[in-house]
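Shown next, in structure tokens, is the structure this report addresses.
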Amino acid sequence: MPNAISGFSKLSKSEKIEWLLDTYFSDKEAARTLVKQYWNTDKKLQKLHDEFIENTITNYYLPLGVAPNFLINDKLYTIPMAIEESSVVAAASKAAKFWLDRGGFKAEVLSTEKIGQVHFTYNGDFKDLQCFFERIKPKLFTATSDITKSMERRGGGILDIELKNKSQDLAHYYQLHATFETLDAMGANFINSCLEAFAKTFKSEAEQSLPGDLEMVMSILSNYVPNCLVKAEVSCPISELRSKDISDPERFAKNFKQAINIAEIEPYRAVTHNKGIMNGIDAVVLATGNDFRAVEAGVHAYASKDGTYTSLTHCSIDDGLFKFWIEIPLALGTVGGLTSLHPLVKFSLEMLEKPSAKDLMQIAAVAGLAQNFAAVKSLTTTGIQEGHMKMHLMNILNQFEATPQEKHRLIEQFKTNVVTHSAVVEAIENLRKD
């Protein structure tokens, strides 16, 4: 068992690596080579990456792929996707091509309100607190004027501040619940700065004129943004669903809708169903330098907002019209953070023709809807494993360090055979025996 280390953060990058190699690795040279192999040869670019987080030792790469032919609101996009999972980009591309000839995707931003809260305790009378809040509310806005003036010039800023009584849920607990418009910025730093200014002013004023003890607990934005919503949909007459792998459109539409209905009422299915949606959304969020953990947390909370975890997508069949849609909260930004620092983020945003935050919300929602359509289409027709495992075949071949000749032979062999890990391993072993 290794000993604890003191002052690790003060060590140089090389010293940190050497300590790790000495402490944890039996083949130090192989580990050292691997770490350095993933350094960027451009020292300036590597320094930029090193300063994104603390204690960096190397870079961890993900593939950046693209899914072309996305027709969104009558405009064609090629969508960047950063993800490691086999078949995600292929499935998104296939769904985009399917709907390209059927009117494409329609998307709209329904609202862009973001939320932050100042959490505090108060042991006095709520009526006194309420009167105090109403009296000093204008001072809260004044206290943030230096922070908000730039945002306000562009049309954003603080929308409102409310006092919320949560003492029935937790003794003496109250909050200042503030709403914001942050335009093309995700807005986390802006919101948190405003909240801390609220808390400082609120506490200072309370000490002078509010009876009872008031204690600030914390000030922080919320990643649950149920009023920062975007909707995306596809629709066409059922007869137009006919394709190479859909010979009976009526039957396909019925089975597809039933699969969505199952995800709406069965949480075990809904979790996997929504994970598939997030395959598409997270890949776009990562490629564009946004916070996929914040997006994931907010989305899954939204899926549970009515008390039961349910599907984020929905389907209807009315008068022969097939319609499939998603309504989802997405707090995204196209300025600030990594969007102006990471070279591949800038590359991705330029590929999307420098979208606004609203544009990016629509693009990400469409990517999630397309991914879900492709998955449910496969599940209700050929089954999910046929396509997924054929894409996974290359991972298995690379795992066994197959030569180009071996890859060619085995890819041909598995065009007509079921791909399983054991079957591929057996085929590699037999090929090498021969």
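I'd like the full set of residues that are under 19 Å from Ile220 (Cβ atoms), in contact with a helix residue (DSSP H, G or I) (Cβ under 8 Å, 6 or more places away or on another chain) and β-branched (Val, Ile, Thr), limited to region 119-177. Once the filter is applied, which keeps residues that are under 19 Å from Ile220 (Cβ atoms), in contact with a helix residue (DSSP H, G or I) (Cβ under 8 Å, 6 or more places away or on another chain) and β-branched (Val, Ile, Thr), region 119-177 yields Thr144, Ile147, Thr148, Ile158, Ile161. Say we look at region 32-87 and pick out the residues that are polar (S, T, N, Q) and in a helix (DSSP H, G or I); which of these is nearest to Phe347 (Cα to Cα)? Among those residues, the one meeting the criterion is Gln46.
Could you pull out the residue among Ser311, Ser316 that is hydroxyl-bearing (Ser, Thr, Tyr) and in a loop (DSSP other than H, G, I, E, B)?
Working: Ser316 fails: in a loop (DSSP other than H, G, I, E, B).
Of Ser311, Ser316, the one residue that is hydroxyl-bearing (Ser, Thr, Tyr) and in a loop (DSSP other than H, G, I, E, B) is Ser311.
Applying the criterion of being at pLDDT 95 or above, among the small types (Gly, Ala, Ser) and part of a helix (DSSP H, G or I) to the residues of region 340-361, the residue that is nearest to Pro329 (Cα to Cα) is Ala357.
Being surrounded by 11 or more Cβ atoms within 10 Å (Cβ to Cβ) and touching a residue at least 40 places away in the same chain (Cβ under 8 Å), is that true of even one residue in region 14-37? Checked against the condition, which is being surrounded by 11 or more Cβ atoms within 10 Å (Cβ to Cβ) and touching a residue at least 40 places away in the same chain (Cβ under 8 Å), region 14-37 yields at least one hit. In the set Gln175, Gln208, only one residue is of a type outside the set (D, E, K, R) and without any contact (Cβ under 8 Å) to a residue 40 or more places away in the chain; that residue is Gln208. Pairs meeting the criteria (first residue in region 416-433 and hydrophobic (A, V, I, L, M, F, W, C), second residue assigned to a loop (DSSP other than H, G, I, E, B), beta carbons under 6 Å, at least 6 apart or on different chains) are Ile428/Phe400. Only one of the numbered conditions (1) closer than 15 Å to Val284 by Cα; (2) in contact with a Lys or Arg (Cβ under 9 Å, 6 or more places away or on another chain) is not met by Lys346, and that is (2).
Residue by residue, here is whether (1) part of a helix (DSSP H, G or I); (2) buried (at least 16 other Cβ atoms within 10 Å of the Cβ) holds:
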{"residue": "Cys236", "(1), (2)": "no, yes"}
{"residue": "Ser239", "(1), (2)": "yes, no"}
{"residue": "Lys254", "(1), (2)": "yes, no"}
{"residue": "His273", "(1), (2)": "yes, yes"}
{"residue": "Met278", "(1), (2)": "yes, yes"}
{"residue": "Gly289", "(1), (2)": "no, yes"}
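Residues in region 192-248 that are under 34 Å from the mean Cα position of the chain (by Cα), modelled with pLDDT of 95 or more, acidic (Asp, Glu) and closer than 30 Å to Asp319 by Cβ: Glu233, Glu240.
The values are calculated or read from the model by the stated rules, or taken from the named source; none is laboratory data. No experiment lies behind these values; they were computed from the predicted model shown. Virtual Cβ from ideal backbone geometry, glycine too; neighbours counted across all protein chains shown.
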